[in-house]
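**Student:** Please see the structure below; I have some questions.
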Amino acid sequence: MEKSYEYVDQFDDFFLKDLDQYDDLKIYRFKDFDLQRVREFLRFNQEAFGQDAIDKFATIFQIYYGNIFLLKERRQDAKIVGIANFSRAWDESKLAYLSDYAIAEEARGQSIGKEFLGIVLEDVKNQGFQRVQLTVDPDNDPAVALYESLGFKKDKFVEKLYGPGEDRYIMDLDLDQLKID
């Protein structure tokens with residue numbers, strides 16, 4: 001039986017040489033439904049997004065009609081360190097939307113998230129997309145800074161995008177302008 005996710009890319013040892021606990025990080029992309037991997041993904045997503053986490057039905061849909069990338073160590077029992085979910089825009093075929101992006105709390109502040117997102121954005125570009133959009137809480141300064149460091153631009157500010165108190169920046173990246181150090 002074919003694996004339910006595939007190897008996409010790996011971090012170069014240069015980026016992780018001082019991070020012994022992350023010496024074998026790999027990026028995987030779901031290819032097919034696998035209940036164990038979905039449950040693992042859902043646990044991580046719940047920890048990262050709480051009540052706003054996607055459910056198993058949305059996850060299965062995302063596996064088949066989008067891209068879900070996992071950042072984790074290669075060993076079978078390793079926990080997920082990061083996720084990135086992309087969907088295709090309905091009205092613009094070359095536009096992908098980054099719907100979920102998260103790095104485990106213990107891995108933040110170590111440039112792992114930037115490297116991970118840079119690699120998956122390159123993969124999205126190689127799939128033929130030209131632009132990526134996302135929304136981000138304007139009070140989430142670390143996330144805004146991360147996205148801007150990769151070349152995203154604030155396109156607009158939308159009040160109450162997801163309801164009262166849920167203001168968002170809409171950020172846009174021309175993938176030809178992707179900044180990877």
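**Student:** Over the C-alpha atoms of the range 38-181, what are the Rg and the largest Cα-to-Cα span, Dmax, in Å?
**Tutor:** Radius of gyration, then largest Cα-Cα span, for the range 38-181: 14.8, 43 Å.
**Student:** Do the alpha carbons of any pairs in Lys26/Lys125; Lys125/Lys160; Lys56/Lys79; Lys154/Lys179; Lys31/Lys156 sit beyond 27 Å of each other, and which pairs?
**Tutor:** Long pairs (Cα-Cα over 27 Å): Lys125/Lys160; Lys31/Lys156.
**Student:** Another question about this same structure. How big is D, in µm² s⁻¹, for the range 80-157 by Stokes-Einstein at 10 °C and 1.306 mPa s if Rh is the Kirkwood radius over C-alpha pairs?
**Tutor:** 120
**Student:** Hey, another quick one. Based on the alpha-carbon set only, what is the convex hull volume of the range 123-181 divided per residue, in Å³?
**Tutor:** Convex hull of Cα atoms, per residue: 79 Å³.
None of the figures in this text is laboratory data; all of them are computed from the coordinates on show. Everything quoted here is computed from the prediction, not taken from an experiment.
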